[in-house]
Amino acid sequence: MKKHLFLILFTLIFTSIYSQHKIKEAFSEKTIPFVEIYSENGNLIGLSDTNGNISSDLENKIYSSKTKSLTFVNSTYKTTEINIETFKNTPIISLNRIVTELEEVVIKAKPKTYKYLKLKGYFRSIQINEDRPHYFIDGIVEYYISLKSDKIKMKIICYRSFENKSISQLSKNFYFMVAGVPIFNHFTKYKNLTNEYNLKPENNENILVFDKKENIEKGKITKSNSNSNLQLEIISKTNPKIMKLFGMESDFNNYTINTIYNNDDPAKMNFENIIYFKEIRSYDIKRQKKNEFQKVEATHEFFLLEKEYTDEIKSKEFDSPYTFKRPSDFENNYWENVDNEYFQSIPKSLEKYIKENLILIEK
C-alpha cells in the first residue's frame, strides 16, 4: 500500500514539473534541447530543457500569453510555426533537421605558423524587454583571434541598428543594453569544456554533458552531417548569478550557448572549426531602491562567411562586444546574401514586430 502511495505521489510531483509536451526530431526519437519558443508578437516565451521537455511553468506562460501561434527555433532544425490549438492537441512537437551539403568554408591561407585566425561573418542580435523587442542590430564583423593566447579582438565592418522608442529604460540615467556582437564563450573549446564538465557518451551520435560539481546534465554534443553541435546551459534559474553595481541589481538567470563546428570529432571543437555560434541570455534587472524587476532577454548569433590565417591585423581601431552601435552604417543589403548553410531568417512574428514597431537609426 505504501509503495503504491509513493508511486502516486512521485507521479504527481513529476507531472507538476513537466507538461505533456516534448520536442523531438521528425522521424526520430531524438529529443531537442534548448528550443526557443516565440509568441505571435515576437517575444521569447522560454526554452525547452536539456531533454526537449516543455515544463509546466513554461506551458502556463504559453497559455497566459494568449498567443494564437507559436514558433519553435533551434539552429540545427528548420524553424517551425504552429497555431495554439495544434499545440494543445499535439504532445510531441516535431522539427525537421537542416540537411547540409558536405562542403567547407574557403580558407585563404593554410595554418602553419601564423599569428592570428581571422573569422569574418554575419551577426545579428535582439534584445527583448518585458516581452517586447526593444533593440535589433545586425551586420558584418571580423574577429581576430590570437593563435597563441586565444585573445579576441573584433571590428564591425557595417551594421543596421533598430530601436523601439515606445519602450522605456529603467530611468534616464540607468540603461541596460546587451544587444550587439557576441564573443565566443571559452567553453566552445573542447579543452576548456572538459575542465569544467564530464562528458558521457550516450550513443554513437550523442555525448551528454554533466556538471562536475553536482553531476547535473547541462547539455549535449551531437554529431551529424560531418559536423558537431554543442548545446550547453551555463547559467540557469536554479543557480543564477546576482550582480549589484552602480545602484542596479541584475539577476542573470539563463545563459545558453549553441555552437556548430565543421568537424565531427568533439576533440576538434575549437575557434578554428566554428561555423555558427549563438547565445541566449536572460536577466531580471532593477534599480536597487525599486521593488519591481524588469525582464530582459537577448539573443546573439554569428554565421561564418570567411576564414583566414594571417600575421597582421589591418584594423587599428576595434569595437567592444555587446555594444549597440548607432547610427546605422551600411552601403549594401548584406543581410540578403548570408552564405552559411545554417542561416535562417528570424521568426516571421519577430520580423513583423520589428517592421511595425522598431525604427532604423539613421545618420
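No value in this document is a laboratory result; all are computed from the given coordinates. Every value quoted in this text rests on a predicted model; they were computed, and no experiment measured them. Quick reminder, even Gly has a Cβ in these numbers, built from the backbone with ideal geometry, and neighbours come from all protein chains shown.
Would you please classify the overall shape of segment 208-363 from the alpha carbon gyration tensor, given that a ≥ b ≥ c denote the square roots of the eigenvalues, rounded means a/c under 1.5, and beyond that prolate means a/b larger than b/c while oblate covers the rest? Intermediate results must be reported in sequence, preceding the final value.
Details: a/c = 1.66, a/b = 1.07, b/c = 1.55.
Oblate is the answer for segment 208-363, as a/c is 1.5 or above yet b/c matches or exceeds a/b.
Put +1 on the Cβ of every Lys and Arg and -1 on every Asp and Glu Cβ in the chain; which of Asn53, Ile93, Ile183 then has its Cα farthest towards the positive end of the dipole?
The Cα lying farthest towards the positive end belongs to Ile183.
Quick one: compute the contact order of the chain, relative version, from alpha carbon pairs under 8 angstrom and 6+ residues apart, as a percent. Could you put the intermediate results ahead of the total?
Details: 804 pairs, mean separation 70.3, N = 363.
Relative contact order, the chain: 19 percent.
Using the Karplus curve 6.51 cos²θ - 1.76 cosθ + 1.60 with θ = phi - 60°, what ³J(HN,Hα) values do you get for each residue of segment 207-224, in whole Hz, with x for Gly and Pro?
Values, residue by residue: 10, 7, 10, 10, 5, 5, 6, 10, 6, 9, 5, 10, x, 7, 10, 10, 9, 6 Hz.
Net charge around Phe210, counting only other residues with Cβ within less than 14 Å of its Cβ (Lys, Arg = +1; Asp, Glu = -1)?
Details: positive: Lys200, Lys212, Lys213, Lys218, Lys220; negative: Glu196, Glu202, Asp211, Glu214, Glu217, Glu233.
Every neighbour counted, the sum reads -1.
For segment 20-101, calculate the relative contact order in percent as a whole number, restricting contacts to Cα pairs under 8 Å that are 6 or more residues apart.
On the way: 151 pairs, mean separation 26.9, N = 82.
Rounded, it is 33 percent for segment 20-101.
For every other residue with a beta carbon closer than 12 angstrom to the beta carbon of Asn258, add +1 if it is Lys or Arg and -1 if Asp or Glu, then tell me the sum.
Values: positive: Lys220, Lys278; negative: Glu36, Glu233, Glu279, Glu301.
Here the count lands on -2.
Bins of 10 Å, beginning at zero and ending with the bin holding the largest distance: percent of Cα pairs per bin for the chain, please.
P(r) over the chain, rounded to whole percents: 5, 22, 32, 27, 10, 2, 1, 0.
Which is farthest toward the positive dipole end of the chain among Leu199, Cys158, Ala267, measuring Cα position about the Cα centre, with Cβ charges +1 (Lys, Arg) and -1 (Asp, Glu)?
Leu199
Place a +1 charge on the Cβ of each Lys and Arg in the chain and a -1 charge on the Cβ of each Asp and Glu, then give the dipole magnitude about the Cα centre in debye, rounded to the nearest 20.
Values: 54 positive and 49 negative charges, 209 e Å.
The dipole magnitude comes to about 1000 debye.
If I take every Cα pair under 8 Å that is 6 or more residues apart in segment 254-335, average their sequence separation and divide by the length, what percent do I get for the relative contact order?
Working: 80 pairs, mean separation 18.1, N = 82.
This gives 22 percent for segment 254-335.
Cβ under 9 Å from Ser315's Cβ, Ser315 left aside: what net charge do those residues give with Lys, Arg +1 and Asp, Glu -1? Working shown, then result.
Working: positive: Lys153, Lys155, Lys314, Lys316; negative: Glu142, Glu317.
So the surrounding residues net to +2.
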